[in-house]
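Here is the structure we will look at.
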Amino acid sequence: MKSITKIILILLLVVCNVNAQQEKGIFGSSNWLNNWTEFKPNTIDYGDANQILAGSISVNTKLLKRNIYVLQGDVYVTNNAVLTIEPGTKIIGDFESKGALIITKGATLIADGLETDPIVFTSNTSSKKAGDWGGIIILGDAPINKFGNYSSLNLELDPNFNNYGGTNSISSSGIIRYVRIEFAGKRIKGGNNFSGLLLAGLGSKTIVENVMVSYCGGNSFDIFGGELNMSKMVSVRSKKDDFKFTQGAQCRIDNSLAIRSSYVSSDSDSRCVEVLGYERKEETDFSKKLTVVTATNLTMVNDSENLKADIQAGLIKSAVYVGENASLIFKKSVISGFNPAVLLDNKIEINDKNLKKLQFEAMYFNNCNGNIFTEYNTNNEDLENWYGQSVFFNVYSKGNNSETFIDFSNDKKPDYRLQLSKITASK
């Protein structure tokens with residue numbers, strides 16, 4: 001627990017030379033984590049709600065900063081309505097009714113906060129914890145790879161409003177920017193959880209930037225199909241995946257951060273990044289696109305005070321998992337403190353065709369118990385030799401997080417940065 005305070009504002013490697021391929025992990029000319037993020041949300045008193053949101057919102061509606069809203073039960077935005085949320089607005093998910101916000105297909109969410117005035121979704125309990133309320137779901141009309149172009153979520157939603165997918169890859173479901181989502185991820189029957197932010201079938205004109213999901217009982221970010229560009233995403237202490245992509249998602253994610261905890265993740269399938277070609281093979285139309293994710297400048301750190309002991313206790317798993325028939329292009333990113341860094345589905349045959357779909361270039365693998373493995377196979381010599389070639393510019397290190405990340409904890413406002421000398425180690 002103590003070490004998270006040494007990692008919280010991890011890095012922001014300022015580009016100080018023109019050789020762009022030297023740059024690994026999250027970056028910026030200034031610390032883009034400042035002002036809008038909150039790494040200790042349980043210490044914040046947001047006040048009591050004075051407005052109730054319940055049932056359906058079927059006409060254009062604006063939520064105002066001067067009010068504090070409570071989500072009671074599942075709240076649906078329907079009938080092609082636009083829900084606009086002013087910067088600085090606080091929306092509280094009700095614990096008793098497990099409130100959630102669902103933007104149905106055709107409707108639009110404009111949650112466009114500011115760096116100095118973010119929009120906050122959080123819990124209404126005095127002692128907040130993961131899974132206190134539902135989360136945010138946005139359903140769009142962009143392609144997925146299931147038969148029939150359309151699908152529904154297995155989350156006990158109203159069947160009249162539980163539909164996503166279509167043919168409009170460039171559609172817009174709105175804007176979600178400078179938004180924090182805290183203590184979401186309610187559990188439902190059958191063992192499923194809501195995600196902090198679930199984006200299903202969203203088109204490329206949807207804007208998703210500067211979103212932080214913390215202490216979620218399910219996945220922080222869930223991407224089902226669609227075509228999205230995501231930037232400056234932050235996931236902290238998720239019980240399940242930080243970022244999951246499936247159902248033919250065509251997604252680019254860059255300059256994003258995931259901090260995991262050895263004592264929070266719920267099971268062996270919980271990872272920073274999970275890339276699956278589909279959810280169920282028998283429901284998949286293989287004439288359609290399978291999942292392709294391009295991830296650039298991500299930082300993934302396991303927050304552990306005793307990494308070796310946590311690995312031996314089985315508390316730490318892989319940072320990245322790639323399923324059969326999925327493609328992942330990973331570049332200029334940091335993976336620190338996992339077991340191993342990357343795990344490939346055992347159904348993936350290691351051959352030229354598949355290796356072209358699984359690219360790891362200019363990576364910084366630090367203090368991982370192995371780097372790239374095939375599931376259930378303890379011999380990764382072929383993969384190590386392949387990705388260890390100088391042409392890929394991958395760097396391997398065994399420094400502890402405390403050695404890899406500079407600690408300025410005595411500063412009034414700590415600014416944790418990657419040590420430039422380690423990240424730009426000679427090839």
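The values are calculated or read from the model by the stated rules, or taken from the named source; none is laboratory data. Quantities reported herein were computed from a predicted structural model and do not represent experimental measurements. No Cβ is skipped: glycine too gets one built from the backbone with ideal geometry, and neighbour counts run over all protein chains shown. When the accessible area is computed, the model is the full protein with side chains, heavy atoms only, and any ligands, DNA or RNA have been set aside. Shrake-Rupley method; radii C 1.70, N 1.55, O 1.52, S 1.80 Å.
With springs only between Cα atoms under 10 Å apart, run a GNM on the chain and tell me which of ASN377, ASN306, ASN160 wobbles the most.
Looking only at ASN377, ASN306, ASN160, the largest GNM fluctuation is found for ASN160.
Which one, TYR164, ASN192, ILE110, projects farthest toward the positive side of the charge dipole computed for region 67-196 from Cβ point charges (K/R +1, D/E -1)?
Highest projection toward the positive end goes to ASN192.
Which residue fluctuates most in the GNM of the chain (Cα springs below 10 Å): TYR278, TYR376, TYR164?
TYR376
Once you order the gyration tensor axes a ≥ b ≥ c over the Cα atoms, which shape class does region 56-138 get: rounded for a/c under 1.5, otherwise prolate or oblate by comparing a/b with b/c?
oblate
With only Lys, Arg, Asp and Glu charged, each at its Cβ (+1 for the first two, -1 for the last two), find how big the charge dipole of region 142-254 is about the Cα centre; round to the nearest 20 debye.
Result for region 142-254 is approximately 220 debye, rounded to the nearest 20.
Could you pull out every one of the aspartates and glutamates with an alpha carbon less than 20 Å from that of LYS317, ignoring same-chain neighbours closer than 8 positions?
ASP222, ASP241, ASP242, ASP267, ASP269, GLU274, ASP303, GLU305, ASP345, GLU375, GLU381, GLU384
According to a simple spin-label model (label point 7 Å from Cα along Cα-to-Cβ), what is the distance in nm between GLN389 and GLN359?
Label-label distance for GLN359 and GLN389, simple model: 1.4 nm.
When the Kirkwood hydrodynamic radius is evaluated over all pairs of different C-alpha atoms of region 31-175, what value in angstrom, to one decimal, is obtained?
Final number for the Kirkwood radius of region 31-175 is 16.2 Å.
At a threshold of 8 angstrom on Cα-Cα distance, excluding pairs fewer than six apart, so keeping six or more, what relative contact order does region 88-179 reach in percent?
So the answer I get is 39 percent.
Binning every alpha carbon pair distance of region 231-361 at 10 Å from zero, what are the percents per bin?
13, 44, 33, 10, 1
By DSSP, what percent of the beta bridges with both residues in the chain are antiparallel, rounded to the nearest 5?
Of the beta bridges lying entirely in the chain, close to 5 percent run antiparallel.
Less than 12 Å Cβ to Cβ from LEU202, Lys/Arg counted +1 and Asp/Glu -1: what total charge do the surrounding residues give?
-1
GLU375 versus ASN229, label points 7 Å from Cα toward the beta carbon: distance in nm?
According to this spin-label approximation, the distance is 3.3 nm.
Check THR299: other-chain or 5+ apart residues with amide H under 5 Å from its amide H, H built from backbone geometry?
Long-range HN contacts for THR299: ILE26, SER256, LEU257, ALA258, VAL334.
Percent of alpha carbon pairs in region 98-211 separated by more than 20 Å?
45 percent
Calculated FRET efficiency, LYS40 and ASP382, Cβ-Cβ r, R0 60 Å, to nearest 0.05?
In this case the efficiency is close to 0.85.
Could you give the size of the charge dipole of region 247-330 about its Cα centre, using +1 on the Cβ of each K and R and -1 on the Cβ of each D and E, expressed in debye and rounded to the nearest 20?
Dipole magnitude for region 247-330 comes out near 220 debye.
To the nearest 10 Å², what's TRP36's accessible area with a 1.4 Å probe?
Counting only protein heavy atoms, the figure is 0 Å².
How much length, in nm to one decimal, is gained on full extension between ILE188 and ASN79, taken as 0.36 nm per residue of separation minus their Cα-Cα distance?
So the extension gain works out to 36.6 nm.
Anyone know which of VAL59, VAL322, VAL342 comes out most mobile in the 10 Å Cα GNM of the chain?
Result for the chain, Cα springs under 10 Å: VAL59 fluctuates most.
Roughly how big is the chain's charge dipole about its Cα centre, with Cβ charges of +1 (Lys, Arg) and -1 (Asp, Glu), in debye to the nearest 20?
440 debye
Normalised by the number of residues in region 264-373, what is the relative contact order in percent for Cα pairs under 8 Å and 6+ residues apart?
Computed over region 264-373, the figure is 28 percent.
Tell me the label only: which of [x] 33, 26, 23; [y] 56, 23, 20; [z] 33, 26, 19 is semi-axes √(5λ) of the Cα gyration tensor in Å as calculated from this structure?
Recomputing semi-axes √(5λ) of the Cα gyration tensor in Å here gives the entry labelled [z].
Among ALA309, THR294, VAL320, which residue has its Cα furthest toward the positive end of the charge dipole of region 290-342, with +1 on Lys/Arg Cβ and -1 on Asp/Glu Cβ?
THR294
Over the chain, what relative contact order in percent results from Cα pairs under 8 Å that are six or more residues apart?
Computed value for the chain: 12 percent relative contact order.
For n ≥ 4 DSSP H runs only, could you compute -39500 (n - 2.57) per run for the chain, divide by its residues and tell me the 222 nm figure to the nearest 500?
It comes out at -1500 deg cm²/dmol, rounded to the nearest 500.
Would you please classify the overall shape of region 149-200 from the alpha carbon gyration tensor, given that a ≥ b ≥ c denote the square roots of the eigenvalues, rounded means a/c under 1.5, and beyond that prolate means a/b larger than b/c while oblate covers the rest?
Since a/c reaches 1.5 but b/c is at least a/b, the shape of region 149-200 is classed as oblate.
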